[in-house]
1. Restricting attention to segment 120-164, which residues are over 22 Å from L98 (Cβ atoms), at pLDDT 55 or above, part of a helix (DSSP H, G or I) and open to solvent by less than 80 Å² (accessible area, probe 1.4 Å)?
2. Only residues in segment 17-29 that are in contact (Cβ under 8 Å) with a residue 12 or more places away in the chain and open to solvent by 40 Å² or more (accessible area, probe 1.4 Å) count as the first member; pair them with residues that are assigned to a loop (DSSP other than H, G, I, E, B) and among the basic types (K, R), Cβ under 8 angstrom, at least 6 apart or cross-chain, and list the lot.
3. Across segment 31-46, what is the total count of residues that are open to solvent by less than 70 Å² (accessible area, probe 1.4 Å) and closer than 19 Å to Q89 by Cα?
4. I'd like the residue in segment 60-88 that is part of a helix (DSSP H, G or I) and either in contact with a strand residue (DSSP E or B) (Cβ under 7 Å, 6 or more places away or on another chain) or among the β-branched types (V, I, T) (or both) and, out of all such residues, is most open to solvent (accessible area, probe 1.4 Å).
5. Restricting segment 4-40 to residues that are touching a Leu at 6+ places or on another chain (Cβ under 7 Å) and assigned to a strand (DSSP E or B), which is farthest from V121 (Cα to Cα)?
6. When V8 is evaluated against the numbered criteria (1) at pLDDT 95 or above; (2) crowded, with 17+ Cβ neighbours inside 10 Å, which criterion, by number, is the only one it fails?
7. So for segment 76-89 (the condition being acidic (D, E) and modelled with pLDDT of 95 or more), does at least one residue qualify?
8. Considering (1) under 25 Å from L68 (Cβ atoms); (2) surrounded by 15 or more Cβ atoms within 10 Å (Cβ to Cβ); (3) more than 17 Å from the chain's Cα centre (by Cα), say which one L91 fails and leave the rest.
Amino acid sequence: MHPHFDVVAFDADDTLWHSEESFRRNERQFVELLRPHVADGIDIKAALVAIEGANLSTYGYGVKSFGLCAVEAALTLSNGTVPSHVLEQILASVKEHLTEPVRLFDEVSHVVAQVARHHRVIMITKGDLVHQTRKVRTSGIDHLFHHIEIVLEKEDRKSTRLNSSHGYISYAVFCLK
């Protein structure tokens, strides 16, 4: 027996389109750029991750948050001696990440279109409103969704709010994480 769902919800990043690869690329580039300006034995990536964690409640998630944390980490780990051209490269890679084209996973357009033939479909994605809105609008699949929700954090209360504000009785959420 298959449960009946009023709505099928899709997560966006790393479910509909590639996202994590760009973050990993920027982390690797950050480590390479900073290595000559940091004392031996310091784990640059671990320090960056720790600074991101410490700033999560202030900056939230996303590329802009990563950029602010990367600049803070560069200044902290180099004791303020990181050259301006390194900071410029960090900022350039963040801007490139923010404006890169959306790369859908194979068959995503087809799958969402098929599901949309039988259900209302919504997208729920987390992160920076401006960046996520740009990705949604340029994805080429935004027209397939009955509703798109960009949230700061995915949590159980969000499900309740979606149910009550849109009249959904039950829905399934598909994501990779």
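1. Across segment 120-164, the qualifying residues are L144, L162.
2. H18/R103
3. Result for segment 31-46: 6.
4. In this case the residue turns out to be T76.
5. Once the filter is applied, the top-ranked residue is W17.
6. (1)
7. Scanning segment 76-89 turns up at least one residue that is acidic (D, E) and modelled with pLDDT of 95 or more.
8. Going through (1) under 25 Å from L68 (Cβ atoms); (2) surrounded by 15 or more Cβ atoms within 10 Å (Cβ to Cβ); (3) more than 17 Å from the chain's Cα centre (by Cα) one by one, L91 breaks only (2).
The values are calculated or read from the model by the stated rules, or taken from the named source; none is laboratory data. Just so it is clear, the structure is predicted and the values come from calculations on it, not from any experiment. A quick note on method: Cβ atoms are made from the backbone with ideal geometry, for glycine too, and the neighbour counts reach across all protein chains shown. Side chains are part of the model used for accessible areas, which takes the heavy atoms of the whole protein and leaves out ligands, DNA and RNA. Shrake-Rupley method; radii C 1.70, N 1.55, O 1.52, S 1.80 Å.
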